[in-house]
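Okay, structure first, notes after.
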Amino acid sequence: MHIVDITMFYPAESGGVRTYLSAKSNWLSQRRGIEHTVIAPGAGSRTARDGHGLIAVPGIRIPGRMGVRIPLSTARAERVLTTLRPDLIEVGDPYQFAWTALRVKRALGVPAIAFYHTDLPRVVQQRFGGAASFAAIAYLRRLYRDFDLVLAPSRAAVQRLHSIGIEQVRHQALGVDTGIFHPMRRSSTLREELGLPDNTRLLVYAGRFTREKKLPLLVDAVEHLGPPYHLLMIGGSMGKRRSSSVTCLPFQTNRELARLLASCDALVHPGDGETFGLIVLEAMASGIPVVGVRSGGVAELIDDSCGVLADPNHTGSLAQGIRRLYARDMAAMGHAARARVSRLYDWQVIMPQFLRQYARVLNAAGGGLIEREASDGWI
């Protein structure tokens, strides 16, 4: 059985899609009878294989997108994908590669799945306005109608797709490596490293520094709180804006990110349009609670035992949510966050769910995989 993922969301730096595909590759490599390949744009001028299941086709870097590339030639990617003769194709973005996968699906007669990692209409609306959002909705309807299945990582994303007329959607959460992201990585010296007093109430945000993440609102909330609250922002720069309440660090490797998360008091995530929120799971696995907002996928990841939800797009409500968090037993909340993630979202729990999704699609296509999966040791 050969599963092929194709996506342009595979930057050299880590990202949510790359994290998911790397976890899938590692997990599937330990299952007999399954081959897994990822096709993604790379930096070279020629198609290259890395020997670990990645095929990089020539691509050009998109400025400001943390290493994301667009393919120079979809025809080349189509030839590669056709040559691989996959049994199932999964697409990780709604752009050129999605159409490539559909052409190969028709040519080979194999099923294709789309994973809805990004709420495209919402992103388009925030950047270009309402008319562009309607065009994005029409585009998604046309694109997704020919996929056998669309997977969405949160119930909010499922409802969003249903609301715009896309029916063949199933909920499928993502996961986290609870071995890498662990409370044992906590460092007692982080405040000293950052030049902060020992009594600093240290909050953290990690991820892309883009408009839809609502980072100015987060900075305003922390500035409103004032000392001893301080915000560590990981993954970018504030540009011209400077604040004594904020320290910025660039992109970090997973292990260093895990140390930083475990060493802070809480993660704060102000974005209201997330389809999921992997960084929230990574923080919870690291043993810290989360302040999020009552909108999007993040709200589904936490409950009252391990986090606080604020009103979206409201500086005062976010600041009050942070205050409420510190008024509670944060150590107990951190333990509850870790327990919740380990029980529900560890990759060892999540990956068998993906195989069951694949099994249903392949079985519907006549592959008989439902009957075969247990004997082949897949799950």
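The values are calculated or read from the model by the stated rules, or taken from the named source; none is laboratory data. What you see is a predicted model; the values in this text were computed from it and never measured. Virtual Cβ from ideal backbone geometry, glycine too; neighbours counted across all protein chains shown.
Some points to look at:
- Among the residues of region 224-262, those that are within 22 Å of the chain's Cα centre (by Cα) and either among the hydroxyl-bearing types (Ser, Thr, Tyr) or outside the structural domain of residue 333 (by TED's automatic domain parsing) (or both) comprise 237, 253.
For every residue, the table says whether it meets (1) touching a strand residue (DSSP E or B) at 6+ places or on another chain (Cβ under 7 Å); (2) surrounded by fewer than 19 Cβ atoms within 10 Å (Cβ to Cβ); (3) of a type outside the set (A, V, I, L, M).
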site	(1), (2), (3)
69	yes, no, yes
98	yes, no, no
106	no, yes, yes
111	yes, no, yes
117	no, no, yes
122	no, yes, yes
128	no, yes, yes
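- Condition met for residue 158 (buried (at least 19 other Cβ atoms within 10 Å of the Cβ), touching a residue at least 40 places away in the same chain (Cβ under 8 Å), of a type in the set (Val, Ile, Thr) and out of contact with any Pro (no Cβ under 9 Å at 6 or more places or on another chain)): no
- Of all residues in region 67-105, those satisfying the criterion of being without any contact (Cβ under 8 Å) to a residue 40 or more places away in the chain and out of contact with any Gly (no Cβ under 8 Å at 6 or more places or on another chain) are 73, 74, 75, 76, 78, 79, 82, 83, 103, 104.
- Top-ranked residue in region 109-148 [being among the β-branched types (Val, Ile, Thr) and within 20 Å of the chain's Cα centre (by Cα); ranked as nearest to residue 93 (Cα to Cα)]: 118
- Residues of region 286-325 that turn out to be in a loop (DSSP other than H, G, I, E, B) and among the aliphatic types (A, V, I, L, M), as a count: 2
- Single match in 77, 40, 56 (criterion: over 22 Å from the mean Cα position of the chain (by Cα) and assigned by TED's automatic domain parsing to the domain that holds residue 24): 77
- Residue within region 45-56 that is surrounded by fewer than 19 Cβ atoms within 10 Å (Cβ to Cβ), assigned to a loop (DSSP other than H, G, I, E, B) and basic (Lys, Arg) present: yes
- Filter result (under 18 Å from residue 231 (Cα atoms) and either of a type in the set (Gly, Ala, Ser) or touching a helix residue (DSSP H, G or I) at 6+ places or on another chain (Cβ under 6 Å) (or both)) within region 288-308: 288, 289, 290, 291, 292, 307, 308
- Pick from region 163-207, criterion among the β-branched types (Val, Ile, Thr) and part of a loop (DSSP other than H, G, I, E, B), ranking: surrounded by the fewest Cβ atoms within 10 Å (Cβ to Cβ): 189
- Any hit, region 210-223, residues being of a type outside the set (D, E, K, R), in a strand (DSSP E or B) and either surrounded by fewer than 23 Cβ atoms within 10 Å (Cβ to Cβ) or in the same structural domain as residue 129 (by TED's automatic domain parsing) (or both): no
- Close contacts from region 163-177, counting a first residue that is over 11 Å from residue 20 (Cβ atoms) and a second that is of a type in the set (Ser, Thr, Tyr) and surrounded by 14 or more Cβ atoms within 10 Å (Cβ to Cβ), with Cβ to Cβ under 8 Å and a gap of 6+ residues or different chains, come to 166/144; 168/144; 169/116; 171/154.
- Single match in 332, 364, 327, 337 (criterion: at pLDDT below 95 and on the phi < 0 side of the Ramachandran plot): 364
- Residue 309, sole failed condition from (1) at pLDDT below 95; (2) over 21 Å from residue 192 (Cα atoms): (1)
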